Amino acid sequence: MSDERPESESRSGEPQRRTSGFGGWTVLAVLIILAAVLFRYYGPITNDLFQSDAELRTIAPRGELAPAEQTQIELFRSASPSVVHIETAVAVQQGLNLFEMPRGIGAGFVWSKEGYIVTNSHVLNGAGTAKVILSDGTSYPAAAVGVDPSNDLAVLKIAAEHGVLQPMPVGSSHDLEIGQNVYAIGSPFGLEQSFTVGVISGLRRQFPAADGRGLVVDAIQTDAAINPGNSGGPLLDSGGRLIGVNTAIYNPTNTPANVGIGFAIPVDTVNRVVTELIRDGANEQAAMGVYVYTDEELDQLRLRGLFDGTEEGVLLRTVSPESAAQKAGLRGSYLDAETGEFIAGDLIVSLGGHKVGGWEDLIGGLSRYAVGETVVVEYLREGERHEASLTLQARPSLVPR
């Protein structure tokens, strides 16, 4: 057997791969050509990027601002000195030291020259201290005068020098119309004195109050951009008058940003509540002196055959002794002592001429009235319709004085 191996095999028995010098020389040649091209044209290309005699562009004449723009500019200039930025803090203990930690931000506005500032109650929620910053940057420590979580309103007071504060002109909200232009000023995400424009998108809206126990009713809906930090700031009409206090946004995606649906507390409510807070430190809520079944409880009574009425309304559970409701002759539900039969109380179907279809309507209706006002209540008793006039009483305050 011969020890010779074929020339095409290596000693290990693996085929040998022949390499050609053609591929390497080709790559080298291409690189040389590219280098030459770049050397030839790079200078002219870079030289064309700059122009040594470049001058500023001539400004084109603009002409006059549109009347709508002029109105908005003047409105902002007039209203902005009345708008304030609010920063809150909470005390934090670290060892033997006490520090103030920022809690939140919001907006507000000057109510009177005496130093009263209006904002939302939720702006102050959980805060230990509050600071009010005027439009010129001057800062003042603020004291809480009173809060009304059921209407999400609060009043602060600052010790500003005489003549410094410019109160916000107050308008009305009962005569607003959908489609009116509105303007919001606030501190969205901390950007103070931000100005947005929109329209009234809806009226008489309702949303849960800050205390979670009631509803803000007759709210103004607007598409003016309202974001976190706008809370407590003013909503203005085209005359620069206060028509609402920006307080909430509709948030279907649970994202704290504007989606074009914001709500403001109507100024008619603001005027009444703020006056009471300044005068008494608390806002008395009008009440009838009754306890009622919830809508769900009423449905259960119907399912169990204990209440056979089909009309919508609010069923009275109990009527407090010496209350406005008792004095007007209203009756609550009870069990007959002899038969043990459930006797349904009065079903309230209307308050002040407004239909009451559930407990939210009743709460919302009562919030339109002040303590001492007289209101007509329409109710059903054993299928028969009745009316009664009652003078509203004060509900126990939810906020300590």
Quiz item: Just a yes or no: is a residue in the stretch 332-341 crowded, with 19+ Cβ neighbours inside 10 Å, over 38 Å from the mean Cα position of the chain (by Cα) and closer than 16 Å to residue 291 by Cβ?
Solution: yes
Exercise. Go through (1) in a helix (DSSP H, G or I); (2) buried (at least 19 other Cβ atoms within 10 Å of the Cβ) and name the single condition residue 69 misses.
Key: (2)
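Each row is one residue, and each column tells you yes or no for (1) without any contact (Cβ under 8 Å) to a residue 40 or more places away in the chain; (2) surrounded by 13 or more Cβ atoms within 10 Å (Cβ to Cβ); (3) within 27 Å of residue 161 (Cα to Cα).
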| residue | (1), (2), (3) |
| --- | --- |
| 75 | no, yes, yes |
| 79 | no, yes, yes |
| 86 | no, yes, yes |
| 91 | yes, no, no |
| 95 | yes, no, no |
| 117 | no, yes, yes |
| 134 | no, yes, yes |
| 137 | yes, no, yes |
Quiz item: What number of residues within the stretch 208-240 are modelled with pLDDT under 90 and either of a type in the set (Val, Ile, Thr) or in a strand (DSSP E or B) (or both)?
Solution: 5
Quiz prompt | Considering residues of the stretch 97-109 that are surrounded by 10 or more Cβ atoms within 10 Å (Cβ to Cβ) and either free of Cβ contacts under 8 Å to residues at least 24 places away in the same chain or under 11 Å from residue 229 (Cβ atoms) (or both) only, the residue farthest from the chain's Cα centre (by Cα) | solution = 99
Quiz item: Which ranges mark the strands (runs of 3 or more DSSP E) fully within the stretch 77-136 that have 3 or more residues being over 28 Å from residue 170 (Cα atoms)?
Solution: 83-94, 97-110
Quiz item: Here are 189, 195: which of them is in a helix (DSSP H, G or I), surrounded by fewer than 22 Cβ atoms within 10 Å (Cβ to Cβ) and outside the structural domain of residue 366 (by TED's automatic domain parsing)?
Solution: 189
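The values are calculated or read from the model by the stated rules, or taken from the named source; none is laboratory data. Treat the numbers as computed from the prediction; the structure is a model and nothing was measured. Here Cβ is always computed from backbone atoms with ideal geometry, including for glycine, and neighbour counts include all displayed protein chains.
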